[in-house]
1. Hey, which aspartates and glutamates would be in cross-link range of residue 129, C-alpha to C-alpha under 14 Å, not counting anything within fewer than 8 residues on its own chain?
2. Go through the stretch 84-96 residue by residue and turn each phi into a ³J(HN,Hα) via Karplus (6.51, -1.76, 1.60, θ = phi - 60°); whole Hz please, and just put x for glycine and proline.
3. Helix 125-134 sits at what angle to the longest principal axis of the chain, using alpha carbons and giving 0 to 90 degrees rounded to 10?
4. Given Cβ point charges of +1 (Lys, Arg) and -1 (Asp, Glu) and nothing else, what value in debye, to the nearest 20, does the dipole of the chain about its Cα centre take?
5. Under a point spin-label approximation (7 Å from Cα along Cα-to-Cβ), what is the residue 146-residue 334 distance to one decimal in nm?
6. Taking 7 Å along the Cα-to-C-beta vector as the label spot, tell me the residue 99-residue 267 distance in nanometres, rounded to one decimal.
7. Write down, largest first, the equivalent ellipsoid semi-axes of the chain in whole Å, where each equals the square root of 5 times an eigenvalue of the alpha-carbon gyration tensor.
8. Normalised by the number of residues in the chain, what is the relative contact order in percent for Cα pairs under 8 Å and 6+ residues apart?
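Each reported figure results from applying straightforward, stated rules to the coordinates on display, with no laboratory input. This one's a predicted model, so the numbers in the text were calculated from it and none came from an experiment. Quick reminder, even Gly has a Cβ in these numbers, built from the backbone with ideal geometry, and neighbours come from all protein chains shown.
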Amino acid sequence: MVTTVPPHVHEGQAALVGKLAERGLLAPPWREIWERIPREHWLPEQIWVQRPDRCEPVPVTDADARYRLTYSDSPVVTQVDDGRTGGPGVATSANSMPSMVARMLGLLGLQDGMTVLEIGTATGDVASKLCLRAGDGKVTSVEIDAGLATQARANLARAGLAPAVHVTDGAGGWAPGAPYDRVVATCALRTVPAALLRQLRPGGVLVAPLVRDFASGLLARFVKDATTGTVTGSFHGGASYMPLRAHRSTVSSAVDGTTPRHCHALLDGQPDDFTDPAFGLYAGTRLPGVHMTGSPGRLFLWDGAGAGVLAEEGWAAVYGRGRDLWQELLRVWQEYVTGGRPPLGDFGVTLTEDGELRTWLRTPDAVVGPAHTVPTPRP
């Protein structure tokens, strides 16, 4: 049985679920499942709110602030700095944004009797929803952090649920339970680990956020062809998730020098046009190794070798010797515009046997590659 909680907590959950349903994110039977267990059930005593530069702890004595964060459509950070004290306050585990979780679960197409593998147990919240949909015996979840796994098991037990939770690196999946009809990753993947592809049943579906060097991440749905074993995927909007620990970036964002080499005046729409998810996918494929972060009115590019661009307040300032990343970005943008500014749904991806992503536009034979090897796409 679920632990008894105060009425206002159930009211908060009902309001949150109602908003998700209004957005069309909770098809039957998911709405009933979401209503069963309040989000508060999954949260530790200390939680954090994500700020632009670090995580800010929510005072344990501030019940109102906790309630507002818990029942908002926002991620709730549940661990910083991999559980170490005295660190910079970087989020390393969270109870994910509810609307993002709802989107992912909807894309799974989970049916009665299907087996599911979850990568990244975290608090146990997503595992609980999978259990309520498919049954305890059908759900396997893996978590690399032993402390988080222990707490997740306790949370699940208090909810009357007992999926198989294993402490292991999610990149390896869980071979003893394979094959799985569905695989869902609640951490972002840079590539799809080959082990997960092997453990996915022919005809199965894998849903995962992909972490991209350029712009924000993307939510992807992959299908393994039942006859050929080929895995192809489609994109379903942006997704910002903490990466699988083995997929964390180690590329330095430092640039050479503190004074710009030169500056370019920004045109209308810049730099915000460049943060569109579809263009981010295209540009990141055309400019491999170039990284970008952006917020309204601001963009930062770097290549890990000292070149960089900071675009804000009407100017794009170019730093470092060698590459002018701004001019490279503008050339790729012009290609994208000439190609009709294809929306995200026009792109697809095929996975190689080792999980590398081969992005294509409209048809699998129209592969998008690095800018020096691939001609401009046409509408």
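1. Cα-Cα hits under 14 Å: 32, 35, 112, 118.
2. 7, 8, x, x, x, x, 8, 5, 10, 7, 7, 8, 5
3. The answer is roughly 60 degrees.
4. With Lys and Arg at +1 and Asp and Glu at -1, about 540 debye.
5. 5.8
6. Placing both labels 7 Å along Cα→Cβ, they lie 3.1 nm apart.
7. So the three semi-axes of the chain are 36, 26, 19 Å.
8. That works out to 11 percent.
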